[in-house]
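One structure below.
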Amino acid sequence: MCVFQVDLFNARGPLPRTIGEVAERQKDIRYSSRTRLNTDVFRRRHRMEKAVSNLLEKLPPEFSDDPDVQALRECDRHNAITIIHLIHRRMRYHNHAKDYEFSRATIGDHWQAGRNDVTRTLRHQAWRDRHRPESGIQVFDLTRDATD
């Protein structure tokens, strides 16, 4: 499964220096936490699925008909998930009003930034050279250091 996870607020950012920047960072952190939580839950779930799989391999044959073992086998799917983070980065004109400032010009800038991020991600060598993740999950944030 490949998931493109769009985050309109960036959890990472510079230390604020003014009250306005504090208000802006507070919103970034609050609104971005849900997508980070989802990624962390996927990772935790895959670690548990791998642990269940390892334990099932170690069980003696006489446990194979046990209803609890059968229930655990149903959870042992070995699905691979790739998560592509597309995180909206701070624009030079952003301020604490960015969660309710939806002018035509601002929305146009956001759409263009999103198109640029998708294009950059799909052209990135790490994306093009990716393989099925051995650990069950891989996460890409390929526009983090972009300068264009």
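Could you say whether any residue in the stretch 61-69 is closer than 25 Å to H124 by Cβ, without any contact (Cβ under 8 Å) to a residue 12 or more places away in the chain, outside any helix (DSSP H, G or I) and not acidic (D, E)?
no
Does N54 satisfy the criteria of being at pLDDT 85 or above and either exposed (fewer than 13 other Cβ atoms within 10 Å of the Cβ) or in a strand (DSSP E or B) (or both)?
Yes: the conditions hold for N54.
Looking only at residues that are free of Cβ contacts under 8 Å to residues at least 24 places away in the same chain and touching an Asp or Glu at 6+ places or on another chain (Cβ under 9 Å) in the stretch 1-17, which one is nearest to R132 (Cα to Cα)?
For the stretch 1-17, the residue satisfying everything is R12.
Would you say V22 is under 13 Å from the mean Cα position of the chain (by Cα) and either hydroxyl-bearing (S, T, Y) or open to solvent by less than 90 Å² (accessible area, probe 1.4 Å) (or both)?
Taking the combined requirement at face value, the residue does not satisfy it.
May I ask you to list the residues in the stretch 34-59 that are without any contact (Cβ under 8 Å) to a residue 24 or more places away in the chain and more than 22 Å from the chain's Cα centre (by Cα)?
A51, N54, L55, L56, E57, K58, L59
Of everything in the stretch 60-85 that's closer than 29 Å to D141 by Cβ and modelled with pLDDT of 85 or more, which residue is surrounded by the fewest Cβ atoms within 10 Å (Cβ to Cβ)?
Among residues in the stretch 60-85 that are closer than 29 Å to D141 by Cβ and modelled with pLDDT of 85 or more, the one surrounded by the fewest Cβ atoms within 10 Å (Cβ to Cβ) is T82.
Limited to the stretch 86-103, what total is found for residues that are modelled with pLDDT of 80 or more and either in contact with a helix residue (DSSP H, G or I) (Cβ under 9 Å, 6 or more places away or on another chain) or surrounded by 13 or more Cβ atoms within 10 Å (Cβ to Cβ) (or both)?
The qualifying residues number 1.
The values are calculated or read from the model by the stated rules, or taken from the named source; none is laboratory data. Small disclaimer: the values here were computed from a predicted structure and weren't measured. Positions of Cβ are generated from backbone atoms using ideal geometry, with glycine treated the same way; all protein chains shown enter the neighbour counts. Calculation scope for accessible area: heavy atoms of the full protein, side chains included, ligands and nucleic acids excluded. Shrake-Rupley method; radii C 1.70, N 1.55, O 1.52, S 1.80 Å.
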